[in-house]
């Protein structure tokens, strides 16, 4: 392409390009588009909140966890009653000789003692005296009678102790 | 010294609304004109420009300043959105491009300018982008190269070739106009 052709091309294009440029120069999106975009921007950043909001949330979560831990440690007996976890290690060791613990549970003879921190489950049910006798409990009453009892199960699902509901002494 | 678009973008990611306003004021008008020139429709141009900005403010924004300029990303997004809109129009059986709906065409009353607009729409995308940025937006070759993410030499050659193609389309019209005048 020689210089003459190039100049001719430039001459042909010059005026139409200028006109098209002038016509496009004033074009832009309407103001409401800008406002809508900014509103969306504010909404997105209010929801995500930036690092400060995340830090606040993390601090709140940490405080909540700390409070739950403190409450949990301050009420081990209630925790045992709810059957979630045994907080005191070796709580059943002192009743292996057949005596009851402070909650009225009598250990089942020859059952494995609960380990420290072992999860337990307490189930209230009605059993016959014969069933209790089969578990190794010695009964002062007749074997044919029915009893309401709480049976404490260990983590492995085996019964570990029994408590009379109406009469805590078996 | 004014912050770059990429610096403004980084500030918007931290929730700086002022940076977002500046970025919008700086980038929206040329982006809208690009979309308008490409689609010929104000409604489409508004929609795709708005969507392009929405894409960069969303938490899942895929723009990475290490991979190119923000403008290149925005122009690419607009181009893809218009392409997608045309595809969906084609699927729905709508004529594409809809000449009767082309408002830009209607606004151009002068025959040569109308021919230029039509010829621009038919140019391959890289050539059209070079003409848009250098001739219609009057940006330097260096700025156009930064925006499109290619070397300055590439911009020069694309512009040269694009002008040849456009002139070839406009010359017959000019000749006929001259002969009618005589």
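The values are calculated or read from the model by the stated rules, or taken from the named source; none is laboratory data. None of these values were measured; they are calculated from a predicted model. Using ideal geometry, Cβ is built from the backbone for each residue, glycine included, and neighbour counts are taken over all protein chains shown.
Brief remarks on what is shown
- The residue pairs whose first member lies in the stretch B:58-69 and is touching a residue at least 12 places away in the same chain (Cβ under 8 Å), whose second member is part of a loop (DSSP other than H, G, I, E, B), and whose beta carbons are closer than 7 Å, counting only pairs six or more residues apart or on different chains, are B:68/B:149; B:69/B:149.
- Residues in the stretch B:46-56 that are under 21 Å from residue B:69 (Cα atoms) and more than 7 Å from chain A (Cβ to nearest Cβ) were compared, and the one that is surrounded by the most Cβ atoms within 10 Å (Cβ to Cβ) is B:48.
- For the stretch B:71-92, the criterion of being within 14 Å of another protein chain (Cβ to nearest Cβ), free of Cβ contacts under 8 Å to residues at least 12 places away in the same chain and farther than 22 Å from residue A:21 by Cβ is met by none of the residues.
- Condition check for residue B:38: modelled with pLDDT under 90 and buried (at least 20 other Cβ atoms within 10 Å of the Cβ): yes
- The residues of the stretch B:57-72 that are over 16 Å from residue A:33 (Cα atoms), more than 12 Å from the chain's Cα centre (by Cα) and surrounded by 13 or more Cβ atoms within 10 Å (Cβ to Cβ), listed by number, are B:61, B:63, B:65, B:68, B:69, B:70.
- Considering the stretch B:59-70, the residues that are within 14 Å of another protein chain (Cβ to nearest Cβ) and touching a helix residue (DSSP H, G or I) at 6+ places or on another chain (Cβ under 7 Å) include one that is farthest from residue B:17 (Cα to Cα), namely B:61.
- Those residues of the stretch A:50-61 which are exposed (fewer than 14 other Cβ atoms within 10 Å of the Cβ) and either more than 7 Å from every other protein chain (Cβ to nearest Cβ) or at pLDDT 85 or above (or both), in sequence order: A:51, A:52, A:54, A:55, A:56, A:57, A:58, A:59, A:60, A:61
- The residues listed here are B:32, B:9; of these, the one that is part of a helix (DSSP H, G or I), more than 10 Å from chain A (Cβ to nearest Cβ) and surrounded by 15 or more Cβ atoms within 10 Å (Cβ to Cβ) is B:9.
- Being assigned to a helix (DSSP H, G or I), at the interface with chain B (Cβ under 10 Å from one of its Cβ atoms) and at pLDDT 65 or above is a property that does not hold for residue A:27.
- Of all residues making up the stretch A:107-157, the number that are assigned to a strand (DSSP E or B) and buried (at least 16 other Cβ atoms within 10 Å of the Cβ): 9
- Enumeration of residues in the stretch B:144-176 that are away from chain A (no Cβ under 12 Å), assigned to a helix (DSSP H, G or I) and at pLDDT below 90: B:146, B:147, B:148, B:176
- Selection from the stretch A:1-24 of residues that are facing chain B (nearest Cβ under 9 Å) and exposed (fewer than 11 other Cβ atoms within 10 Å of the Cβ): A:1
- Hey, residue B:43 assigned to a helix (DSSP H, G or I) and either under 25 Å from residue B:132 (Cα atoms) or touching a residue at least 40 places away in the same chain (Cβ under 8 Å) (or both) or not: yes
- Single condition residue B:23 does not satisfy, out of (1) over 14 Å from the mean Cα position of the chain (by Cα); (2) facing chain A (nearest Cβ under 9 Å); (3) surrounded by 22 or more Cβ atoms within 10 Å (Cβ to Cβ): (2)
- Of the residues A:113, A:109, the single one that is touching a helix residue (DSSP H, G or I) at 6+ places or on another chain (Cβ under 7 Å) and modelled with pLDDT of 50 or more is A:113.
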